[in-house]
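S.K.: Attaching a single structure in structure tokens format; questions to follow.
Bear in mind that the values in this text are calculations on the coordinates, not laboratory data. Every value quoted in this text rests on a predicted model; they were computed, and no experiment measured them. Here the Cβ is made from the backbone with ideal geometry for all residues, glycine too, and neighbour counts use every protein chain on show.
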């Protein structure tokens, strides 16, 4: 099945 | 800050409260904005209310207002949708804000105080993306598709190709898909479906989260979906008259 990703792998803290 | 109708604030609250319980609102001369992650860090929501949204707006010094959505919602429920709302924040007393609702017809005025919170907000930097596909469509239609397919299964797949845009959901005992093709015959821009893409793509998202994201349909007649392979989808609702926008970024499901 598919795993839910989080946003942290895409967006970083400035 | 004075808004001509409280309905805008009510709709914004409805659009974010399932995802975010408390959030910092940044106020500066451009307007009021917020950015918040849901606790699962799967959705990022951004709201911008530009100066143009307000009947009058003045912000002498930039301020951050830490708002707890639950009491804010209780206060807002006391305002009629057509009533004017004035939000006052004092730089000398940053412990609370004042909200005044005015009903000009009935000559009624009500005033509330809302205590502010010290929220350790986590601001995310969203890179400017070159999207692989963009779809704009009536927000009510997007909402109906998502609400219907979310009943079928918890995974919602969005595929963009020459066929159009296909929304698919698969459950244990049923599967369904809906295809939309670009509409050029429709006169009204808000009723059009427009699709642009560089390469065909297909991505899967959690339907329950997508459902929460469709609540903002109340704020705008159109919605824009921006997709790129293996990136979060951006679902954007632009308010009328350059008043601002609400954007959601939802992380995809992956293998």
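S.K.: Return only the number of the condition from (1) in contact with a helix residue (DSSP H, G or I) (Cβ under 8 Å, 6 or more places away or on another chain); (2) more than 14 Å from chain A (Cβ to nearest Cβ); (3) outside any loop (DSSP other than H, G, I, E, B) that residue B:245 does not satisfy.
M.R.: Every listed condition holds for residue B:245 apart from (1).
S.K.: Turning to a different aspect of this structure: Mind checking which residues of the stretch B:32-67 are away from every other protein chain (no Cβ under 14 Å), surrounded by fewer than 16 Cβ atoms within 10 Å (Cβ to Cβ) and not in a strand (DSSP E or B)?
M.R.: The answer is B:52, B:55, B:58, B:60, B:61, B:62.
S.K.: Can you confirm whether residue B:70 is surrounded by fewer than 21 Cβ atoms within 10 Å (Cβ to Cβ), without any contact (Cβ under 8 Å) to a residue 40 or more places away in the chain and away from chain A (no Cβ under 14 Å)? Even if it seems obvious, please write down each step before you answer.
M.R.: On the way: surrounded by fewer than 21 Cβ atoms within 10 Å (Cβ to Cβ): yes; without any contact (Cβ under 8 Å) to a residue 40 or more places away in the chain: no; away from chain A (no Cβ under 14 Å): yes.
No; evaluated as a whole, the condition is false for this residue.
S.K.: List the pairs whose first member sits in the stretch B:150-164 and is within 16 Å of residue B:181 (Cα to Cα), whose second member is assigned to a loop (DSSP other than H, G, I, E, B), and whose Cβ atoms are under 7 Å apart, counting only residues at least 6 apart or on separate chains?
M.R.: Partner pairs satisfying both residue conditions: B:160/B:200; B:161/B:200; B:164/B:181; B:164/B:182.
S.K.: Test residue B:130 against the criterion of being surrounded by fewer than 18 Cβ atoms within 10 Å (Cβ to Cβ) and either part of a helix (DSSP H, G or I) or within 12 Å of chain A (Cβ to nearest Cβ) (or both), and give yes or no.
M.R.: Answer is no for this residue.
S.K.: I'm told residue B:187 meets every condition in (1) in a loop (DSSP other than H, G, I, E, B); (2) crowded, with 17+ Cβ neighbours inside 10 Å except one. Can you identify the failing condition by its number?
M.R.: Here residue B:187 clears every test but (2).
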